[in-house]
Amino acid sequence: MKPIPNDEDRLWEQHVFREEPEPDFTLQVMKKLDGVSMEREAELNFSVRKPSNTHRIRRMGVTAAAVVILAGGAWFAWDYKVGPEQPAVNAVNNPPLPNIPVPEELKYSYLADDYKRLKPLGLVVNPNIHIEDQGYTLKIEDVLVDRSQIVITVQQNAPDGSTIYSVYPEMGRIHITDGQGNSIASLASIGDPIQNGSVYQRFVYQLQDEIPDEVVVRGELGHLNIGSYYNFETKSYEDKDVTVDWSFHFNIDMTKAKSLAVEAPMNNTYMTPEGLKLDMTQLVRTPNGTRLDMNVSLSDQLRAKVGEDWEKQMELLYHLEIPETNEYRVFNGIRSNARQAKFRLRDTSHLSLDGQMRLSETWDPAIVTVNAKKIRFVLDGYTIPVRDEKTLEVDLEKMREDAESYTYVLQFEQFGDEILFSDFNYKSLLGSNNASNGDREEYSLVLEGYGSFQNAYNGDHWVAVDQEGKEYPVEVIGFPDQPNTDGEYVADNLKLIVRGYYKGSGTKFTLKRTALVNGEYRDLNWKVDLPSFTSLPWQK
């Protein structure tokens, strides 16, 4: 990690870490960067829309740095110094991991470090599950356990030895319960491969607030969907179902895991100006990570604006500061290549009851020093899909007159997006060969211009309404598929086709746009010092 920067440095940090390598890759490289310090770059202002030549040169420098990082195949750090008296700080202020052998199924992933942290503490359980039925095998070994999560690694093979992914615990086929059968854990990760091409899958279960001294893991696995295969008789791909007996159960003693943890209740609440409410409820520290629990809910006003399934797409943008070691770490939600929490849980089971979603973020010790006495949480922003309607009054006669006198301005703004219309015409939509027959149905109004969009769209609906209230569908052509390096979607040749609107339809109409976008909000002011501690039980 690097020292706490000023506001300009934070813009640099946020910009760079939107394009960092995959988390597993970063963890491995960060271990090799331990002790490397960071040096301030030139002052940058990424909020400038159309930069001057100086800023453009600086931005080219950022792009070049990103190319070097990616092309070189390794993640590096610049020297970073706050001042002449400021010493360099390590990437992560953690003691070295023990040099112990790691099982094959965990060796080539970040779970290898988890194993090295938990094994010496007696927090690795081997249930020795090895089941074979009709040639299909299931193996479960080396379950990682702490007070916060239980991580189960599963290997599944077909009779020919090939890997299959047929266990779907989200369908209720694997249960983690107390002795009476009551569920005491929620699924936080659904069968993720440990790494690309791996024959192993991991399942992460987050434990609830109250857990017994002994938990039961029970699998009711019998019906397997092997997946698609080619049937040479029917000459087509078909799904193959197999019925096997993969039932299992084993117990886990949780007394040591509970004793090697620190739990601190929290009661910190914040309401954003738009109406998103955050309630921090608990901080859990374990040898394998720090977990922050919070509840998320919306005001009635914001709920009326957001799209369906907002809880699946809402993301928090925040950073963590550790003052005692000057460490600083940005988390930018699920953006491409952004830094993310090690384990994440979205529990929506109570959303229909009290309108609250439970959100948990667990930070890896390789990213956030697990034994830091003080951690400050700073909310930088959040994204959420929101719906909004915006209108623009269009006067074609004035538009033509202004264009001839070079005073034309017809601008549409919404969600920070801008569209400048520069010309219009009536064009045949059936091709030039049919344009001479005068058939009105073949012609439509086409507005042409330039668009700069800051948001990726989940849904975008346009319509034109003439002065008599008649609606005309509008088709948008030229919207780009990918953002540029500034995160904007720029359309240099944008066309809006108002279908059916011809010269006889009039010269004045209302252009209406209803958009559902991943709106980003940064007008926030919330900092929370997370609960501290006097000692950690696993350090004794």
* Does PHE479 satisfy the criteria of being within 30 Å of LYS258 (Cβ to Cβ), touching a strand residue (DSSP E or B) at 6+ places or on another chain (Cβ under 6 Å) and outside any helix (DSSP H, G or I)? -> no
* Asked: If we keep just the residues of segment 339-356 that are closer than 21 Å to GLU274 by Cα and assigned to a loop (DSSP other than H, G, I, E, B), which is nearest to the chain's Cα centre (by Cα)?
  -> GLN356
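So in segment 322-338, with the set limited to residues that are in contact (Cβ under 8 Å) with a residue 24 or more places away in the chain and surrounded by fewer than 19 Cβ atoms within 10 Å (Cβ to Cβ), which one is nearest to the chain's Cα centre (by Cα)? Show your work before the answer.
If we filter segment 322-338 for residues that are in contact (Cβ under 8 Å) with a residue 24 or more places away in the chain, which is where we start, we get 322-333, 335-338.
With the extra rule that they be surrounded by fewer than 19 Cβ atoms within 10 Å (Cβ to Cβ), the set shrinks to 323-325, 335-338.
Working: PRO323: 27, GLU324: 29, THR325: 28, ARG335: 5, SER336: 7, ASN337: 9, ALA338: 7 Å.
For segment 322-338, the residue satisfying everything is ARG335.
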* Structure fact -> segment 242-338: strands (runs of 3 or more DSSP E) wholly inside it with 2 or more residues that are modelled with pLDDT of 90 or more and of a type in the set (Lys, Arg) are 276-286
* To do: Answer yes or no as to whether VAL368 is surrounded by 16 or more Cβ atoms within 10 Å (Cβ to Cβ) and under 30 Å from LEU97 (Cα atoms).
  => yes
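Among the candidates SER198, SER166, single out the residue that is closer than 14 Å to SER109 by Cβ, assigned to a loop (DSSP other than H, G, I, E, B) and modelled with pLDDT under 90.
Values: SER166 fails: closer than 14 Å to SER109 by Cβ.
Unique residue meeting the criteria: SER198.
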* Being assigned to a loop (DSSP other than H, G, I, E, B) and touching a helix residue (DSSP H, G or I) at 6+ places or on another chain (Cβ under 9 Å) is the filter; apply it to segment 126-147 and report the residue that is surrounded by the most Cβ atoms within 10 Å (Cβ to Cβ). => ASP146
* **Residues satisfying the stated conditions in segment 477-494, i.e. buried (at least 17 other Cβ atoms within 10 Å of the Cβ) and under 18 Å from LEU410 (Cα atoms)** => ALA491, LEU494
* Starting from residues that are open to solvent by 10 Å² or more (accessible area, probe 1.4 Å) and out of contact with any helix residue (DSSP H, G or I) (no Cβ under 6 Å at 6 or more places or on another chain), keep the ones in segment 380-390 and report whichever is farthest from VAL284 (Cα to Cα). => LYS390
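Of the residues that make up segment 282-294, is at least one without any contact (Cβ under 8 Å) to a residue 24 or more places away in the chain, farther than 22 Å from ASN525 by Cα and surrounded by 13 or more Cβ atoms within 10 Å (Cβ to Cβ)?
Initially, segment 282-294 is screened for residues without any contact (Cβ under 8 Å) to a residue 24 or more places away in the chain, giving none.
No, the conditions are met nowhere in segment 282-294.
Just name the residue that is nearest to the chain's Cα centre (by Cα) out of those in segment 486-507 that are charged (D, E, K, R) and within 19 Å of VAL476 (Cβ to Cβ). First the steps, then the outcome.
The first filter runs over segment 486-507 and keeps only residues charged (D, E, K, R), leaving 486, 488, 492, 495, 499, 503.
Pick out the ones that are also within 19 Å of VAL476 (Cβ to Cβ) and you get 488, 492, 495, 499.
Values: GLU488: 18, ASP492: 29, LYS495: 32, ARG499: 38 Å.
Step by step, filter segment 486-507, then rank; the result is GLU488.
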* Asked: Which one is farthest from SER444 (Cα to Cα), of the residues in segment 495-525 that are open to solvent by less than 40 Å² (accessible area, probe 1.4 Å) and aromatic (Phe, Trp, Tyr)?
  -> PHE509
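The values are calculated or read from the model by the stated rules, or taken from the named source; none is laboratory data. These figures come from a predicted structure and were not determined experimentally. Cβ coordinates were reconstructed from backbone atoms using ideal geometry, including for glycine residues, and neighbour counts include every protein chain displayed. Note: areas computed on protein heavy atoms with side chains; ligands, DNA, RNA excluded. Shrake-Rupley method; radii C 1.70, N 1.55, O 1.52, S 1.80 Å.
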